[in-house]
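Readers should treat all values here as calculations from the given coordinates under stated rules, not as data from a laboratory. Values in this document were obtained by computation on a predicted structure and should not be read as measured data. Using ideal geometry, Cβ is built from the backbone for each residue, glycine included, and neighbour counts are taken over all protein chains shown.
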Amino acid sequence: MTARPPPATPSRGPQRCLREGESEGSAVLSEGLREGVILGVVTVALGVAGLSPSFTWIPEVPLLAAFVLVPAVIVGVAGYRAAKREGRVTSGAVAGAIAGAIGGCAGGLTYMAFGKPALNVMLGLAAGVVGGGIVGAVGARLSTRR
């Protein structure tokens, strides 16, 4: 019996579009960090607007809607872009988790700056990782849909 030769082109799913000089997995880190920094800035701005007594004139309903929708869109974009570059939903979920962790940590630190317990940093980090992973996976699934 002779061994069968390996196929000429292995079937690994969709073709990946890596940029020149880019290694596999670097898209996850770069997208997660980029969107995470943006999310951190937005989270601090929304936290200050929501917690500062000088901003009590801002209506509560639009502020709460912004607290939910803006981070979800930013993390979803991180997942979408990472999956588009690497061709895997897992990449989008990890990029979303990275961005969510940065945003959650920034939100927890903002709460701590306004006199809330330090536990908010850990809770923000945990919620950011879990929520970011889920929303990032949804964004990634949208990018890989045919």
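Here are a few things to note about the model shown:
- Among the residues of the stretch 57-71, just one is surrounded by 10 or more Cβ atoms within 10 Å (Cβ to Cβ) and not in a helix (DSSP H, G or I), namely 58.
For every residue, the table says whether it meets (1) more than 11 Å from the chain's Cα centre (by Cα); (2) crowded, with 23+ Cβ neighbours inside 10 Å; (3) not in a helix (DSSP H, G or I).
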residue	(1), (2), (3)
46	yes, no, no
90	yes, no, no
116	yes, no, yes
132	no, yes, no
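- In the set (1) touching a residue at least 24 places away in the same chain (Cβ under 8 Å); (2) over 22 Å from residue 26 (Cα atoms), the condition left unmet by residue 98 is number (2).
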